[in-house]
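In what follows, a structure is listed as structure tokens, so that the remarks can point back to it.
The values are calculated or read from the model by the stated rules, or taken from the named source; none is laboratory data. Please read these numbers as outputs of a predicted model, since none were measured by experiment. A quick note on method: Cβ atoms are made from the backbone with ideal geometry, for glycine too, and the neighbour counts reach across all protein chains shown. Accessible surface is based on the protein model in full, side chains and every heavy atom, while ligands, DNA and RNA are left aside. Shrake-Rupley method; radii C 1.70, N 1.55, O 1.52, S 1.80 Å.
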Amino acid sequence: MLGAALMSEVSGMVQGHRDGHGFVQRDDGEADIYLSPQEMRAVLHRDRIRVRVIRYDRKGRPEGRVLEIIERKKAPIIGRLLHESGIWLVAPEDKRYGQDIMIPKNGIATATVGQVVAVELTEPPSMHSQPLGRVTEVLGEIDDPGMEIEIAVRKYEVPHRFSAETMAQTAKLPDKLRSVDKKNRVDLTDVALVTIDGEDARDFDDAVYCEPATLGRSSEEGQLDGWRLLVAIADVSHYVKPSEPLDDDAYERATSVYFPRRVIPMLPEKLSNGLCSLNPHEDRLAMVCDMLVDAAGEIHAYQFFPAVINSQARLTYNEVAAVLTNTRGPEAHKRSELVPHLLHLHEVYRALLKARAARGAVDFETVETQIVCDDVGRIEKIVPRTRNDAHRLIEEAMLAANVCSADFIEGSKHPSLYRVHEGPTPEKKLTLQTYLRALGLGLSIGDDPKPAEFQAIAQATKDRPDATQIHSMLLRAMQQAIYTPLNSGHFGLAYEAYTHFTSPIRRYPDLLVHRVIKSLLSGKRYHLQVTELATSAVHSRKPRPTMASKAAALAQLNAPAKVPTAEALAWEAAGAHCSANERRADEASRDVEAWLKCKFMREHLGEEFGGSVTAVTTFGLFVTLDELFVEGLVHITELGGEYFRFDEARQELRGERTGVRYVVGTRVRVQVSRVDLDGRRIDFRLVGEAGIGAGMRSGRDKAAASVVEELKGVQNVDREHKRATKKAALPRAGKKPKVPALESRTDTAPGVAVRAKREPK
């Protein structure tokens with residue numbers, strides 16, 4: 001069914017493509033509309049426009065013609081200043097803009113050729129002319145330390161400067177806890193709460209404590225034993241009040257953004273690393289989730305309350321893991337007074353793990369990497385980030401607190417933001433079913449998939465050679481998690497209700513959840529008010545309809561008409577805003593990492609590495625190197641002199657002549673052939689035989705190959721004999737003879753974009 005009738009008019013946001021064409025992401029969330037390179041000449045990436053659907057291609061995809069530009073982004077465009085044939089221009093760093101910006105001579109400010117600058121448009125593009133602009137900021141030289149981050153925060157419009165009003169309000173905050181702040185709070189300063197984080201963590205927003213507890217008596221089994229688990233979370237809501245400058249800036253950012261060696265925090269440092277950080281041996285305000293957990297890992301009871309805590313230690317994951325592994329080792333001896341509490345935490349973790357397995361929550365063990373930079377910001381190495389029991393212990397404790405907060409809010413019928421993760425869409429479900437059927441595993445998912453089905457497949461295939469490929473397809477079948485006031489559960493974690501409560505220092509939805517819980521504890525109702533400034537930052541595009549939203553819409557057809565209240569709209573807007581800014585932060589972080597990896601790989605041009613195929617597409621293979629953990633593209637033209645067909649059901653490329661197959665997980669050896677820093681592109685070339693079945697040639701092919709090799713050997717012997725004969729005939733004195741040049745060999749690379757086509761429209 002077509003998403004829009006021929007000649008119908010729709011509005012949406014332009015998404016440019018580095019190849020010159022573009023798409024209109026429709027406001028109603030329906031199928032994107034293609035814009036030809038000619039139509040893109042009059043618009044820019046991220047313009048909001050109105051288009052008319054003028055035709056459909058043979059696959060039923062709509063193509064549009066631009067009718068009107070509704071809104072043009074005022075954010076500056078980042079690029080490098082160039083001077084060509086007497087003309088000043090800026091080449092946008094984001095190639096999706098597709099056009100260079102002309103700069104009048106009096107508009108270059110203090111910039112010099114090659115510098116990175118921010119440009120403000122003075123005249124928009126048209127069908128017959130390029131856009132004009134002027135330089136508003138000079139960022140510096142392209143190779144300056146940290147330039148990749150300066151570019152990313154502007155490219156993705158990440159707010160990186162707090163307003164003057166926010167800084168003034170922050171300056172008035174106390175430097176330490178006052179006695180007035182401790183009123184009406186439970187004093188937990190004598191409880192051995194500890195923080196457990198990574199070695200490089202600077203803000204500590206959660207502390208944990210556990211002790212054995214008796215939960216009551218059972219008529220069949222007698223006394224029930226379990227644990228009392230306390231999760232204390234920094235009480236940011238005590239300092240950040242609604243509609244104040246601090247709150248406005250926090251809402252606009254919605255999340256902290258993490259780059260290698262730098263963080264763009266949601267809150268000023270005085271709060272994020274000071275007053276709200278649960279630093280060791282300092283009194284801090286916290287919201288506490290106090291839980292009773294039984295032996296099966298089920299939460300028997302819970303309560304929330306504001307408290308004053310004093311963290312007994314700042315522990316790291318590696319330190320705790322060492323203690324749990326050897327309770328008589330040096331780490332345990334150093335923290336001897338905390339060892340019993342850490343062991344209790346490990347016990348409750350194992351119980352919670354049982355409950356996770358019983359729920360059928362999806363749990364993939366994926367390899368995460370960490371970029372280690374030197375003092376000037378260049379990559380020194382990329383190392384795998386290993387997860388130990390300490391990581392999992394904290395994760396399970398946080399999940400438990402988040403589930404309790406969702407249950408508390410839902411039971412109180414109070415509006416809030418839930419963390420929703422829905423099951424596969426019908427399209428993704430069908431793709432996965434087809435793929436599993438093609439593999440002949442004897443395992444599949446039903447028409448109404450459950451998390452346990454995904455987990456069962458993951459467990460059954462974890463030891464197979466193609467486990468990486470299968471788990472990748474399972475992950476790809478799931479939808480992206482979002483923030484929304486409409487609770488439809490968390491598919492991956494197998495929870496009926498789930499929210500974020502545990503990181504209010506770095507996530508705005510958690511701060512809202514704290515405010516709601518505090519209001520409920522005081523018998524009041526929290527009324528969300530989105531300021532005019534914040535409303536303007538809300539992503540204008542509606543999300544694509546999910547299964548839950550479709551079901552809700554269907555139910556409303558038979559229900560009396562109900563106009564959403566202003567507060568309901570505010571919660572919906574807040575959810576859309578926080579979800580969009582979470583994606584923005586992820587994109588900015590990935591962009592910086594891609595930049596750093598490209599600079600890193602320029603030092604390895606021509607070198608050979610072993611690697612594994614991590615994705616298969618119609619245009620080639622994405623390969624991740626074993627030693628460097630860097631991904632690049634082997635274009636399909638580099639796979640040999642035969643035709644390769646892409647099998648979507650099996651997610652593989654297969655050679656029609658030899659039958660060689662490339663799937664996720666295939667081992668290959670590649671050479672780094674090209675690195676494009678501006679395009680964030682790394683190209684590889686296959687070295688030697690590769691692919692499944694590469695050595696399974698017919699006897700005729702092997703015989704032919706043997707004859708060819710024998711002929712080459714004869715030719716080499718003959719060539720050496722002639723060269724020796726000529727050398728013997730040369731005169732011993734006189735004019736120096738001309739030495740014949742060695743045959744040159746030029747390796748050319750296709751220069752195909754590594755990222756641009758990874759998710760083709």
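Worth a mention:
- For segment 275-300, the set of residues classified as part of a strand (DSSP E or B) and either basic (Lys, Arg) or open to solvent by less than 20 Å² (accessible area, probe 1.4 Å) (or both) consists of 284, 285, 286, 287, 288, 289, 290, 291, 293, listed by residue number.
- Which listed residue, of 303, 312, is open to solvent by 30 Å² or more (accessible area, probe 1.4 Å), more than 29 Å from residue 457 (Cα to Cα), free of Cβ contacts under 8 Å to residues at least 40 places away in the same chain and of a type outside the set (Ser, Thr, Tyr): 303
- Within segment 382-406, the set of residues being touching a residue at least 40 places away in the same chain (Cβ under 8 Å) and closer than 24 Å to residue 614 by Cβ comprises 382, 383, 384, 391.
- Restricted to segment 316-334, and to residues there that are assigned to a helix (DSSP H, G or I) and of a type outside the set (A, V, I, L, M), the residue that is surrounded by the fewest Cβ atoms within 10 Å (Cβ to Cβ) is 330.
- Some residue of segment 119-126 being closer than 24 Å to residue 680 by Cα, out of contact with any Gly (no Cβ under 8 Å at 6 or more places or on another chain) and assigned to a strand (DSSP E or B): no
- Only one of the numbered conditions (1) open to solvent by 20 Å² or more (accessible area, probe 1.4 Å); (2) within 26 Å of residue 230 (Cα to Cα); (3) part of a helix (DSSP H, G or I); (4) touching a residue at least 40 places away in the same chain (Cβ under 8 Å) is not met by residue 493, and that is (3).
- Only residues that are surrounded by 18 or more Cβ atoms within 10 Å (Cβ to Cβ), within 17 Å of residue 685 (Cα to Cα), under 23 Å from the mean Cα position of the chain (by Cα) and of a type outside the set (Val, Ile, Thr) were counted across segment 613-664, and they come to 9.
- Among the conditions (1) at pLDDT 95 or above; (2) more than 13 Å from residue 194 (Cα to Cα); (3) of a type in the set (Ser, Thr, Tyr), residue 311 misses just one, which is (2).
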